1. Of all residues in region 23-49, how many are of a type in the set (A, V, I, L, M) and either within 15 Å of Gln13 (Cβ to Cβ) or surrounded by 18 or more Cβ atoms within 10 Å (Cβ to Cβ) (or both)?
2. Within the set of pairs 6+ apart or on separate chains, which have a first residue in region 29-50 that is small (Gly, Ala, Ser), a second that is not in a helix (DSSP H, G or I), and C-beta atoms under 7 Å apart?
Amino acid sequence: MSIPPCDTRMLDQLRNKALVAVAGASDPLIRQQYVDLAQSYAVTATELRERGAAVLPSPNITRMPWRSVPLWVTNDR
């Protein structure tokens with residue numbers, strides 16, 4: 001029994017959006033996050049085409065940049 005072809009257009013669109021974000025990111029850590037995201041979309045789309053099923057991997061938390069940012073809402077008066 002053959003596996004019917006899977007529609008991976010949504011994953012391809014998400015990958016392309018991540019690649020556009022790579023080009024627009026000035027911070028190397030943010031750029032790497034988008035590269036990883038684009039790569040995970042590509043791998044997932046390939047698995048869908050080959051096997052008919054895939055699980056989108058969770059993001060690598062060790063590569064996420066953590067920075068202090070100003071709060072938009074505070075309880076300061």
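1. Of all residues in region 23-49, those of a type in the set (A, V, I, L, M) come to 23, 25, 29-30, 35, 37-38, 42-43, 45, 48.
After this cut, where a residue has to be either within 15 Å of Gln13 (Cβ to Cβ) or surrounded by 18 or more Cβ atoms within 10 Å (Cβ to Cβ) (or both) as well, the list is 37-38, 42, 45, 48.
Qualifying residue count, region 23-49: 5.
2. Pairs found: Ser40/Leu56; Ser40/Pro57; Ala45/Thr8.
Results for (1) out of contact with any Leu (no Cβ under 9 Å at 6 or more places or on another chain); (2) part of a loop (DSSP other than H, G, I, E, B), shown as yes or no for each residue.
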site: Asp7; (1), (2): no, yes
site: Arg15; (1), (2): no, no
site: Ala18; (1), (2): no, no
site: Ala21; (1), (2): no, no
site: Gln33; (1), (2): yes, no
site: Asp36; (1), (2): yes, no
site: Gln39; (1), (2): yes, no
site: Glu47; (1), (2): yes, no
site: Ala53; (1), (2): yes, yes
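Every number in this text was worked out from the coordinates using simple rules, so none of it is lab data. Here the structure is a predicted model, which means the values were calculated and not measured. Here the Cβ is made from the backbone with ideal geometry for all residues, glycine too, and neighbour counts use every protein chain on show.
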